[in-house]
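First the structure, in the form of structure tokens, and then the observations on it.
The values are calculated or read from the model by the stated rules, or taken from the named source; none is laboratory data. As the structure is a computational prediction, the values presented were derived from the model and not from experiment. Every residue, glycine as well, gets a Cβ built from its backbone with ideal geometry; the counts of neighbours run over all protein chains shown. For the accessible areas, the whole protein counts, side chains as well, though only heavy atoms, and no ligand, DNA or RNA atoms are used. Shrake-Rupley method; radii C 1.70, N 1.55, O 1.52, S 1.80 Å.
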Amino acid sequence: MPPSSNFDKREWKIIPVDQKKVTELVEQFHFPDFIASILISRGIDSPEKTYQYTKPSLLGLYSPFYFKDMEKAIDRIVQAVSNKEAILIFGDKDVDGVTATSIVYKFLQKIDANVAYRVPEGNDAYGISRKVIEWAALNDFTLIITVDCGITSIEEIEYARSVGIDTIITDHHEARENLPDAYAIINPKTPGSSYPFQPLSGASTAFKLICALAEKIWLSDYYNQEIVFLDIETTGLNPTKDEIIELGAVKIKNGIQTDEFQRFIKISFPLPQEIKDLTGITDEILEKEGRDAGDVLKEFLEFIGKSKLIGHNAIDFDLKFLQAQFKKHLGQSLSNPAEDTLKMSRVMLKKISSHKLSTVARSLGVYFDQKKLHRSVMDSKVCAEVYRRLIIQRNNRLMELYYEFLPLAAVGTVADVMPLNGENRTIVKNGLKLLPHSSVGLIHLLRATRLNINQVSSKDIGWQIAPLLNSPGRVGSASFSVELLITNKIKETEELVEEIISQDTTRKGLVDESLDAISSSLDKASLERDKVVLIFSKEVSRGVSGLIASRLSSQFRVPAVIVSIDEETAVGSARASGNFDVVKMLESLSDLFLQFGGHKSAGGFTIPSSRLDSLKSRILEYMQGFKP
């Protein structure tokens, strides 16, 4: 067995925290001081961030249309479905890959697509290959959707295009300077991406694709419509006697703000004190920044065009004021269609304590700085988010999609060791709660491991479920895991679970055999000197090199590179933790590889066996220059 490690020289560094913020969290949430201090040290340093962290809402997932090519991608898929084109989903063989494959495949089946899937089997290399594309062309596929792979497959995507196959890439691995010439690329890490959260898993990126498809198909009155959300601040409550002092609005398309409007309006009398206290607007602000009401209204008309207008209490308040002001200053009226989130919330959210904007927002998981309310643009932004969540919540098919597929995205996220913060926390926390609504096969696998399906934790996924789903891919039969996740047949599910458990036993044997075979190569002195585990061996099974690299990197707290050697080619896996960037290292060696890819803590590569000596010397040279 490998020698025990004594290389852990890390020192604890206590991050100082703002005691005022600690007191604020303690008073508002009744946390113990040390819990508040831990949250603040992790950047969760306001009530809004604390609510988002402790109560992440299912409805709070970012719009999938932040991805630059998303509209292009879903338009092509809808075209393919309508024309009955053959669509191939190509994924990876690890848990992230098989969950991503299952998500897209099952959803396309639901919308009657002519769809098939493939994942690497046997000794197939990572990623889509020319061989797979040749097979797809022979079988008349005209669209390939990659999941959890494809972002580095420049030559393969070019070949697909040359034989008449469009490719949509969904991936989460690090992009290189040159991107494949795909029909569309959905990856939060591509240069220029505006997606708000980068460390998504491949499964979550695939989930975003089907969410966008669902919105296009099932939210036709909302999809691609530019909607104006508005709010006004006034001197009082009577539209015939009182005046507007601030008019604000935001334009929203597919859940994303595209433009903003904010103007102060001059009035002829001093502001009431209660209005100053409520809004923070003063006579001095209106005197300095206020504009003539007629000019502001003309600019507002130009801003809104013919868009639908939505506000909270807009029908009985905002629009009545605006109509009175339009009649008074311009001699005309507004004719835009309008909708009111107050009226919607009274119908849909009957059990909440009140239906004022802040209460409705919080009930839907919209958290914001309460001190910024009662200003027109902020209220407009909150209203826009409230509206999006209400229309998603009332659409049964969309909610069923979340219930069925979010658990698979959660499993992929945990299995691929993505950081459990930001949107990943929302996906995992809600996905685990929804496991009883998920895939029949996943539910059966949970029961086979004797887990309580209503109390499954991320640790349960990481240590019990993920290794089981990983095992078929490790021993060359990844499609067993995909079949388990997509089948609805109880008998088939039982057989697949039995087979997967058997393959897990085989996988464990391969890991043990490989570790025994390489134990003599693990020299304590060289590890101390080189600060890297570096094993090249014909006795390491290709399918478990990643597992061995992970285990050894964790044990010795240094990067690990494990290479399984064949006669002509070798396949390697690299794993690391902390601030070591695996992909950055692989990029520095890219001239040696036939193929490589990955993300910060994990990567893989294929290399001619003749270049292994060069690889070893180059890695050792790289490690000498690495400064933690």
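Points worth noting:
- Listed here are the helices (runs of 4 or more DSSP H) enclosed by segment 473-565 that have at least 3 residues being modelled with pLDDT under 95 and acidic (D, E): 490-518.
- Any hit, segment 484-502, residues being touching a Phe, Trp or Tyr at 6+ places or on another chain (Cβ under 7 Å), over 20 Å from Y105 (Cα atoms) and surrounded by fewer than 22 Cβ atoms within 10 Å (Cβ to Cβ): yes
- Residue in segment 351-372 that is under 22 Å from L434 (Cβ atoms), in a helix (DSSP H, G or I) and not hydroxyl-bearing (S, T, Y) present: yes
- Selection from segment 158-178 of residues that are at pLDDT 95 or above, in a loop (DSSP other than H, G, I, E, B) and open to solvent by 40 Å² or more (accessible area, probe 1.4 Å): V163, G164
- Flag for V497 being of a type in the set (A, V, I, L, M) and closer than 16 Å to V428 by Cβ: no
- Segment 442-460 residues that are within 15 Å of A410 (Cα to Cα), paired with ones that are outside any helix (DSSP H, G or I) (beta carbon under 7 Å, 6 or more apart): I443/I453; L446/I453; L446/V456; S458/L420; D460/L451
- When segment 32-41 is limited to residues that are outside any loop (DSSP other than H, G, I, E, B) and open to solvent by 60 Å² or more (accessible area, probe 1.4 Å), the one that is nearest to A182 (Cα to Cα) turns out to be I38.
- Taken as a whole, the structure places Y62 among residues that are under 14 Å from I210 (Cα atoms), in a loop (DSSP other than H, G, I, E, B), touching a residue at least 12 places away in the same chain (Cβ under 8 Å) and open to solvent by 20 Å² or more (accessible area, probe 1.4 Å).
- Among residues of segment 179-188, those that are free of Cβ contacts under 8 Å to residues at least 40 places away in the same chain and not in a loop (DSSP other than H, G, I, E, B), counted: 0
- Among the residues of segment 324-361, those identified as in contact with a Ser or Thr (Cβ under 7 Å, 6 or more places away or on another chain) and open to solvent by 60 Å² or more (accessible area, probe 1.4 Å) are K327, S353.
- Residue list for segment 94-136, restricted to those being of a type in the set (A, V, I, L, M), closer than 19 Å to P472 by Cβ and without any contact (Cβ under 8 Å) to a residue 40 or more places away in the chain: A116
- Scan of segment 324-358 for residues that are farther than 23 Å from Q370 by Cα and within 30 Å of the chain's Cα centre (by Cα), ordered by number: M348
- Evaluated against (1) open to solvent by 40 Å² or more (accessible area, probe 1.4 Å); (2) closer than 19 Å to K241 by Cα, E287 falls short on exactly one condition, (2).
- For segment 123-157, taking the residues that are among the small types (G, A, S), open to solvent by 10 Å² or more (accessible area, probe 1.4 Å) and in a loop (DSSP other than H, G, I, E, B), the one that is nearest to V544 (Cα to Cα) is identified as A125.
- Residue selected from segment 265-282 under the condition surrounded by 14 or more Cβ atoms within 10 Å (Cβ to Cβ) and more than 41 Å from the chain's Cα centre (by Cα), by the criterion nearest to E226 (Cα to Cα): I265
- Note on segment 42-52: residues that are part of a helix (DSSP H, G or I) and either touching a Lys or Arg at 6+ places or on another chain (Cβ under 7 Å) or open to solvent by less than 50 Å² (accessible area, probe 1.4 Å) (or both) amount to 4.
- Residue match in segment 363-379 (condition: over 29 Å from L61 (Cα atoms) and either in contact with a Cys (Cβ under 6 Å, 6 or more places away or on another chain) or without any contact (Cβ under 8 Å) to a residue 12 or more places away in the chain (or both)): no
- Restricting segment 228-255 to residues that are open to solvent by 40 Å² or more (accessible area, probe 1.4 Å) and part of a loop (DSSP other than H, G, I, E, B), the residue that is nearest to I186 (Cα to Cα): L237
- Subset of segment 301-318 (residues that are surrounded by 13 or more Cβ atoms within 10 Å (Cβ to Cβ) and out of contact with any strand residue (DSSP E or B) (no Cβ under 6 Å at 6 or more places or on another chain)): L301, H312, N313, F317
- Test result for L432, in contact with a Leu (Cβ under 7 Å, 6 or more places away or on another chain), at pLDDT 95 or above and either within 24 Å of T205 (Cβ to Cβ) or open to solvent by 40 Å² or more (accessible area, probe 1.4 Å) (or both): no
- Filtered by the rule that a residue be without any contact (Cβ under 8 Å) to a residue 40 or more places away in the chain and either surrounded by fewer than 21 Cβ atoms within 10 Å (Cβ to Cβ) or among the β-branched types (V, I, T) (or both), segment 552-561 gives a lone residue, S554.
- When segment 196-227 is filtered for residues that are open to solvent by less than 10 Å² (accessible area, probe 1.4 Å) and in a loop (DSSP other than H, G, I, E, B), the ones remaining, listed by number, are L200, S201.
- Of all residues in segment 84-114 being among the small types (G, A, S) and within 19 Å of I151 (Cβ to Cβ), the one that is surrounded by the fewest Cβ atoms within 10 Å (Cβ to Cβ): G97
- Considered as a group, the residues in segment 580-628 that are among the aliphatic types (A, V, I, L, M) and open to solvent by 40 Å² or more (accessible area, probe 1.4 Å) include one that is nearest to G543 (Cα to Cα), and that residue is L594.
- Pick from segment 386-424, criterion of a type in the set (D, E) and surrounded by fewer than 21 Cβ atoms within 10 Å (Cβ to Cβ), ranking: nearest to the chain's Cα centre (by Cα): E404
- Flag for K372 being among the charged types (D, E, K, R), under 27 Å from the mean Cα position of the chain (by Cα) and open to solvent by 70 Å² or more (accessible area, probe 1.4 Å): no
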